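The values are calculated or read from the model by the stated rules, or taken from the named source; none is laboratory data. Quick caveat: nothing in here was measured; it's all calculated off a predicted structure. FYI the Cβ positions are ideal-geometry reconstructions off the backbone, even for glycines, and counts take in every protein chain you see.
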Amino acid sequence: MEIEIQLTDRPIAETILPPGQPGAVGAWLEFRGVVRGEENGQTIRAIEYEAYPEMAGREIRRLLQEISARHPCLAAKVIHRVGVIPVGETAIYVGVASPHRGAAIALLAEFMDRLKQDVPIWKRGARNAGLRPGANWKIAENVPGRRPALQPLSLDEARAEISSRSRPLAAVRTPLAEALGRVLRETICAPEDLPPVDRSTRDGYAIRADDASKNFSVVDTIHAADWKPRQLKSGEAVRVATGAALPCGGLRVVMQEHVKRDGDKLHVVRRENSTNVRLRGEEVRQGQPLVSAGTKLNAGALAILATVGNVNPLVSPRLSIIHFTTGNEIIPPSQTPKPGQIRDSNSILIRSLLQNFPCDVEQGHLPENFEAAMLEIAARKPGIENADVLLVSGGASVGEKDFTRALLEQLGFEIVFSQINLRPGRPLIFGVNGLRVAFGLPGNPLSHFVCFHFAVATALAGLTGGEPPEFLRGQLAEKLDDKPCPRETLWPARLEWRVGQTFLSASSGDFPVACADNANTGQECPANQQTGMSALHPLKWASSGDITCLAAANALVRVPANCASLDDGAKVDFLPVMSMIGGG
Amino acid sequence: MRVLFFAQLKDATGCNAMELATASPLNTPQLWTELVQRFPALAAHRPNVRLARNWEYAAPDAIFADNDEVALLPPVSGG
């Protein structure tokens, strides 16, 4: 076949002499790709094209030769314009000559498809279109299955990418009542000793610790809220209530049960070893850190902050999150599905999982048509532009990966990865746009559940400045029966605790420390290790569409790739499932 | 070897070409290591980028030698 290829920065002529020798040619087919004045609902004036000319020419030639082997043609001429091309002008001209029209039509159709996949030419963003920065590069519309193969990441690689790209948002000062679940962004130190003075731990009588007498005179009474400093002399006693501030240092408290009192006279019957005094600074010394930066504030931490009067701590901001479902087969859960339809379970799943993070969640549904979806998104500005996190649940009926990816790219997100070697959850997409992150979640609920815990939660931890979820070490309580899978698996499981049975101590770093008294040797388990053992029961699931296991799952067991099954008692890593109540 | 960047990769690296001097030929992972070391922003693009060697798409097991022209190609959008 005779082939002619041109790349030019000049306008392509209105009339071009078609290729091929008159006489042999039975069909002349011409195609012009013209710059449209509208791109994704926005008016544009021009598009800029860039090429890798040396390679583009070779690639066009290679494609034409390959395709003409199946659809024999006589000649082809391709002219691609580069640089800024105004609306209405030709970006590409293709002319094909063949003996009969069928071959020419088939060759042209396939060539244009392949050109958009393989020829190194790029469409620079629509000029004057008001697109966001970063949205400058138009990605080709995709023929399913034809997209250049993307390199899938491993689970660990994906987590590392998410961690490094989810950076802490600016911290804010928030009243304690709104700080539950926020990540503390400053270390809170004790402003004074705790307790600030010596306090009695008993109802009784305070006397000098160095006073060995048995008989005292009661010189004062101190209630819990009193502050009556005085130096006690030998033979003097002060009536004190539990929690009362002692009048000076160097005292001990005799329990009221151990004295006889008659008016001001006091007779000590018995002394314990304990001084019954909580010493000043015993709990915390002034300046000592109480709650470290990076701590997710739970009820206890908030109580400490209140104790030291830090009522407006510096914390992570409340996240703004937008979640879209896609797919025409999805109907609201309140409706009855017709054949082919399914109820939307992902919206409530995502909303519930997000309860672990202080956030405002807005949810919606996107139509499958790309332009219509962009219009829906445009209608939600500025909510979308202000959102810290964008989540898109893929619909099975959409070419979900490409749809979501194109959508995120159009919104200015740079796609970091679009596939991971994981089961379930392989087609997970992650993108960033400045400090904002986005996920395209594979459509079925089990994949959502898995991807939320290892991926979305990692990003949310990064944005808030908190600790990302980490795998813990545990042990299978029954055999995990599986077929070998070339990908790693996160397997839903039920984590239970066993206490009070003989069990060998687990090696360090395991969670929790598996220990109980050894019935055979009589050896006692150290008190601080008597937490029982983690017993992971794998739950049944056959496909990523299975959802029945979700209600029981409170752990995700990591099953290595190509691992047929794991025996009862095998040590495994697992990710705890979020509690959905309180700070997660 | 000469390494070319196109489209958004120009924005990521701030240049359209560079000379990469190496002691010995590189396989694909080694080449990426070298590139990401110089331009950390490239790491993000790696999953989407196809490599070309001497004006042809490079096979996964390609070896990149000193006198090669290497190009990093983000997803294309011509036509």
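For segment A:298-305, the criterion of a residue being in contact with a helix residue (DSSP H, G or I) (Cβ under 8 Å, 6 or more places away or on another chain), under 30 Å from A:LEU441 (Cβ atoms) and modelled with pLDDT of 95 or more is satisfied by no position.
The residue of segment A:540-584 that is modelled with the lowest pLDDT, among those that are of a type in the set (A, V, I, L, M), assigned to a loop (DSSP other than H, G, I, E, B) and surrounded by fewer than 19 Cβ atoms within 10 Å (Cβ to Cβ), is A:ILE581.
Going through (1) touching a residue at least 60 places away in the same chain (Cβ under 8 Å); (2) touching an Asp or Glu at 6+ places or on another chain (Cβ under 9 Å) one by one, A:PRO367 falls short only on (1). Residues that are within 14 Å of chain B (Cβ to nearest Cβ) and touching an Asp or Glu at 6+ places or on another chain (Cβ under 8 Å) within segment A:2-46 comprise A:ILE12, A:VAL34, A:VAL35, A:ASN40, listed in sequence order.
Residues checked against (1) assigned to a loop (DSSP other than H, G, I, E, B); (2) more than 17 Å from A:ALA209 (Cβ to Cβ):
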| residue | (1), (2) |
| --- | --- |
| A:LEU232 | yes, no |
| A:GLY243 | yes, yes |
| A:GLY249 | yes, no |
| A:VAL254 | no, no |
| A:ARG261 | no, yes |
| A:HIS267 | no, yes |
| A:ARG270 | yes, no |
| A:ARG280 | yes, no |
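For the condition farther than 24 Å from A:LEU115 by Cβ, touching a helix residue (DSSP H, G or I) at 6+ places or on another chain (Cβ under 9 Å), surrounded by fewer than 20 Cβ atoms within 10 Å (Cβ to Cβ) and within 10 Å of chain A (Cβ to nearest Cβ), B:ARG38 does not qualify.
Just to be sure before I move on: is B:LEU73 crowded, with 21+ Cβ neighbours inside 10 Å and over 18 Å from A:GLN117 (Cβ atoms) in the structure I sent? Answer is no for this residue. Only residues that are closer than 27 Å to B:ARG50 by Cα and either of a type in the set (S, T, N, Q) or more than 10 Å from every other protein chain (Cβ to nearest Cβ) (or both) were counted across segment A:48-75, and they come to 10.
Would you be able to say whether some residue in segment B:9-22 is within 10 Å of chain A (Cβ to nearest Cβ), of a type outside the set (Ser, Thr, Tyr), closer than 30 Å to A:VAL35 by Cβ and out of contact with any helix residue (DSSP H, G or I) (no Cβ under 8 Å at 6 or more places or on another chain)? Yes, that holds for at least one residue.
Can you tell me which residues in segment A:84-108 are closer than 14 Å to A:GLN6 by Cα, touching an Asp or Glu at 6+ places or on another chain (Cβ under 8 Å) and within 14 Å of chain B (Cβ to nearest Cβ)? Hits for segment A:84-108 are A:TYR93, A:VAL94. Any chance segment B:28-45 includes a residue that's in a strand (DSSP E or B) and touching a strand residue (DSSP E or B) at 6+ places or on another chain (Cβ under 6 Å)? No: zero hits. Only one of B:PHE5, B:PHE64 is within 14 Å of another protein chain (Cβ to nearest Cβ), touching a residue at least 60 places away in the same chain (Cβ under 8 Å) and more than 21 Å from A:SER418 (Cα to Cα). Can you tell me which? The unique qualifying residue is B:PHE5. Restricting segment B:49-61 to residues that are in contact (Cβ under 8 Å) with a residue 12 or more places away in the chain and part of a loop (DSSP other than H, G, I, E, B), the residue that is farthest from the other protein chains (Cβ to nearest Cβ) is B:ASP61.
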